[in-house]
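Structure first, commentary second.
Derivation of every value follows stated rules applied to the coordinates shown; laboratory data play no part. Quick caveat: nothing in here was measured; it's all calculated off a predicted structure. Note: ideal-geometry Cβ built from the backbone for every residue, glycine included; neighbour counts use all protein chains shown.
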Amino acid sequence: MNIQMLAFLTVFLTLFAGLNFYIGWRGWQAFGRLIPTGYGAVYWIAFALLAFSYLLGRIGNKYLPESLSVGFSVTGAYWLAAMDFFVLSLVAIDLVRLANRWLHFLPREAQYLPPITGLAVVLLVAGIVGYGAWNSRHPRLTHYDITINKPASGLKELHAVMVSDIHLGNIIHNGRLIAMTDQVNSLNPDIILLPGDIIDENIGPFVEQRMPDTFRRLKARYGIYAVFGNHEYIGGHADEAQDLLQEAGVTVLRDEVREVAGSFYVAGRDDRSKTRFGGTGRKQLSEVLAGIDQSLPLILLDHQPSQLAEARSMGVDLQLSGHTHRGQLFPFNLVTRRVFDTDWGYLRQGDYQILVSCGFGTWGPPIRIGNHPEIVDLTIRFQIAP
């Protein structure tokens with residue numbers, strides 16, 4: 001482990017532990033007097049197990065029984081979302097209390113009822129997390145009409161369906177994949193495009209739940225094309241994932257380009273994280289696109305919506321990306337909005353166009369607040385040749 005990674009983990013774990021202690025301490029202030037004398041240690045042990053359950057599940061998947069590891073991971077995933085909103089709620093309350101020291105606007109009774117305040121915060125966070133869990137399981141259909149100013153050898157229109165960031169694993173399981181497959185097939189697309197993070201790191205559930213069989217049910221006239229995201233590389237099973245997907249009828253493009261029906265190209269870039277997790281870097285886009293007919297429309301799949309200038313300079317007509325989840329949980333959407341040129345939706349720069357999906361699945365907390373999971377239904381029209 002290098003020094004930078006060690007420093008990052010130290011800062012992360014310190015911050016994570018500090019925020020959880022803040023929540024736990026404020027919980028103790030609210031409810032501690034209701035706990036029988038001598039049972040305070042039970043409260044703190046139970047709280048620590050809850051707070052660190054996600055880390056226990058992730059680290060313990062090699063050492064704990066599978067059911068226990070999965071249980072920790074799922075419980076911890078929900079806690080990560082609850083933790084976010086507990087911190088926001090408690091900070092808001094503390095700021096109100098601080099302001100009240102000078103302005104004295106709170107009734108005296110409201111200042112001496114910590115169990116009621118604590119219960120109100122718990123119910124508020126439970127309601128937010130409950131809604132977020134429901135929201136994450138009800139994807140919306142987002143439609144775009146795109147025009148590419150190039151002829152496609154007689155093809156006037158292409159009906160594409162894009163699904164990014166599925167994150168298949170123990171949380172986004174085969175039942176969710178079956179529902180997604182049925183919804184995509186009901187759209188009767190000409191082509192299906194999957195721009196990364198199909199598998200959520202651990203390939204075990206993908207194999208054990210026979211998810212490749214579900215992918216075989218997808219139907220599209222011109223086929224199914226996919227690229228990998230950072231999570232396929234973090235899991236360390238990119239080659240195995242590629243074999244399984246391709247056996248299931250999905251063409252995985254890893255710095256490759258395909259001409260489709262003699263009318264247009266689909267190019268797929270390896271994810272930027274390959275440099276860190278895959279041992280080698282991805283190719284330059286100029287190398288990937290070497291030798292193609294620039295007069296034909298070019299659709300690029302690149303998981304992360306970064307380095308847009310490179311794609312624009314290489315004559316890409318339409319780029320499809322994901323990765324951002326649009327923050328997934330408020331207030332992280334404020335971060336993704338600053339980090340990326342566009343963290344969701346459509347952007348045009350001259351003849352270059354990009355669509356960024358906030359994704360179908362979730363990473364970590366199976367919760368979405370401030371955005372909706374989506375399947376992107378895309379009508380692409382091409383210029384009519386003179």
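The peptide list 119-130, 58-69, 150-161, put in order of mean Cβ contacts within 10 Å with the highest first, becomes 150-161, 119-130, 58-69. Seen against the Cα atoms of the chain and their longest principal axis, helix 174-186 is set at about 40 degrees. Only helices enter this figure: runs of n ≥ 4 DSSP H residues, each worth -39500 (n - 2.57), summed and divided by the residues of the chain, yield -13500 deg cm²/dmol at 222 nm to the nearest 500. The protection proxy used here, the mean number of other Cβ atoms lying within 10 Å of each residue, ranks peptides 170-182, 301-313 as follows, highest first: 301-313, 170-182. Expressed as a whole percent, the proportion of Cα-Cα pairs in segment 141-382 lying more than 27 Å apart is 28%.
Which percentage, to the nearest 5, of the DSSP beta bridges contained in the chain is antiparallel?
35 percent
Judged by the mean number of other Cβ atoms found within 10 Å, the most tightly packed of the peptides 237-247, 91-101, 330-340, 217-227 leads the ranking 217-227, 237-247, 330-340, 91-101.
Lys pairs in the chain, Cα-Cα under 29 Å, at least 8 apart or on separate chains: how many?
5
Quick one: helix 114-136 against the long Cα principal axis of the chain, what's the angle to the nearest 10°, folded into 0 to 90? Compared with the principal axis, the helix lies near 10 degrees. Select from 128, 89, 52 the residue farthest towards the positive end of the dipole of segment 3-135; place +1 on Cβ of Lys and Arg, -1 on Cβ of Asp and Glu, and compute about the Cα centre. My answer, from the dipole projection, is 89. Taking the three principal axes of the alpha carbon atoms in segment 3-135, the coordinate ranges are 54, 38, 38 Å, sorted in descending order.
For segment 250-386, report the % of Cα-Cα distances exceeding 18 Å.
It works out to 59 percent of all Cα pairs.
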